[in-house]
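J.: The structure that follows is given in the form of structure tokens.
Each value in this text was obtained by applying a stated rule to the coordinates, not by laboratory testing. Here the structure is a predicted model, which is why all the values come from computation and not from measurement. Neighbour counts run over all protein chains shown; Cβ positions are idealised from the backbone, glycine included.
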Amino acid sequence: MKKDIKFNPTFKFAGILLLILQFLIRAAILDVLSLLLFSAPQTRAKRKALLIQKHARLALNLLEIKIHSSFRLQIESGGLIVCNHLSYVDVLVIAAQTPVLFITSVETKTSGLEGWLCRMAGCIFVERRKITSLKSEAQEIDALLSERVPIVLFPEATSSSGNTVLPFRSSLYECAIRNRIPVHALCIQYPEPSSAIPYHGNMKLLPHLFNLCRTHGTVAQLDFIETLNSEEFGDRKQLAKKTRARIQAVYVPRTQ
């Protein structure tokens, strides 16, 4: 009976919704305490990263997603982490491995539940289409990187169907070069071609999440490729091109 309950999509979906609510409450409490205690932004960011890690692990357990990974990074090490992007599940997989914060588009900020989660998770919202906005947002990224808070960038700037690794946008690589911090290249993929994990286009979060709850035994493969010394790259476009080529060489395109 217990096994049937575990695999029941409705129970899994309800469990995920309760976990989301728990995260939102704890993140809000953390924000209030940080304000009352006058915590530095970097201290608050590191605490948020640890909170995200804890809930990411719980979510993956509920969704029955197992991680096969060669990537480990201590939060004290810092750096810019770049990875290809297929789904919000990527966020859970990376966060479960190491405490990190994420960069996402400013459009996500107002996208209902998804935007609310991103705001409470301390995501850094960027407007890639406006140079003036990007400069001010880059300052926030610089401040965190200088304090060795690991930050994840999905340079494709959107999630894909998984048929290929999309071209990388290079603008935020400048933060790594400017702060002389390492760039850690990762490749994420989900070996089962019928996996319900890819989340892209006009898909909606809750219907997709419920469909994901109908599966079990899914595997996420997160490969550490290499750490690049940003000081060796004087040009952000060159650095973006290099990391994309290395990730693309490892990635196996989905056939379905």
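J.: Only helices at least 24 Å long along their axis, Cα-based, and averaging 0.5 or more on Kyte-Doolittle count here, so list those DSSP H runs from the chain.
T.: Qualifying helices: 9-36.
J.: As a footprinting exposure proxy, order CYS83, CYS118 by other Cβ within 10 Å, with the fewest listed first.
T.: Final ranking by Cβ density, sparse to dense: CYS118, CYS83.
J.: Further question: Over region 2-250, what is the mean sequence separation of C-alpha contacts under 8 Å (at least six apart), divided by residue count, expressed as relative contact order in percent?
T.: 26
J.: Please give the Cα centre distance for region 95-114 versus region 159-195, rounded to the nearest Å.
T.: Between the Cα centre of region 95-114 and that of region 159-195, the gap is 15 Å.
J.: Sorted by average packing, counted as other Cβ atoms within 10 angstrom per residue and highest first, what order do 159-169, 8-18, 179-189 take? Mind showing how you got there, number by number?
T.: Working: 159-169: 17.5, 8-18: 15.4, 179-189: 21.0.
Result, highest mean Cβ count within 10 Å first: 179-189, 159-169, 8-18.
J.: Which pairs break 26 Å Cα to Cα here: LYS66/LYS204; LYS12/LYS66; LYS109/LYS204; LYS54/LYS109?
T.: With Cα atoms farther than 26 Å apart: none of LYS66/LYS204; LYS12/LYS66; LYS109/LYS204; LYS54/LYS109.
J.: If you don't mind, there's one more thing I want to ask. Output the peptides 241-250, 20-29, 97-106 sorted from most to least packed, where packing is the average of other Cβ atoms within 10 Å over each peptide's residues.
T.: 97-106, 241-250, 20-29
J.: What cysteines in the chain have no other cysteine with a beta carbon less than 4.7 Å from their beta carbon?
T.: Lacking a cysteine Cβ partner under 4.7 Å: CYS83, CYS175, CYS187, CYS213.
J.: Label LYS54 and SER136 with points 7 Å out from Cα along Cα→Cβ: what is the distance between them in nm?
T.: 3.3
J.: A further question follows. Just name one of VAL149, THR218, ILE94: the one whose Cα is farthest towards the positive end of the charge dipole of region 2-250 (beta-carbon charges, Lys/Arg +1, Asp/Glu -1).
T.: Positive-end residue among those listed: THR218.
J.: How much FRET efficiency would the formula 1/(1 + (r/R0)^6) give for ASN229 and SER77, where r is the Cβ-Cβ distance and R0 is 22 Å, rounded to 0.05?
T.: Once the sixth-power term is evaluated, E becomes 0.95.
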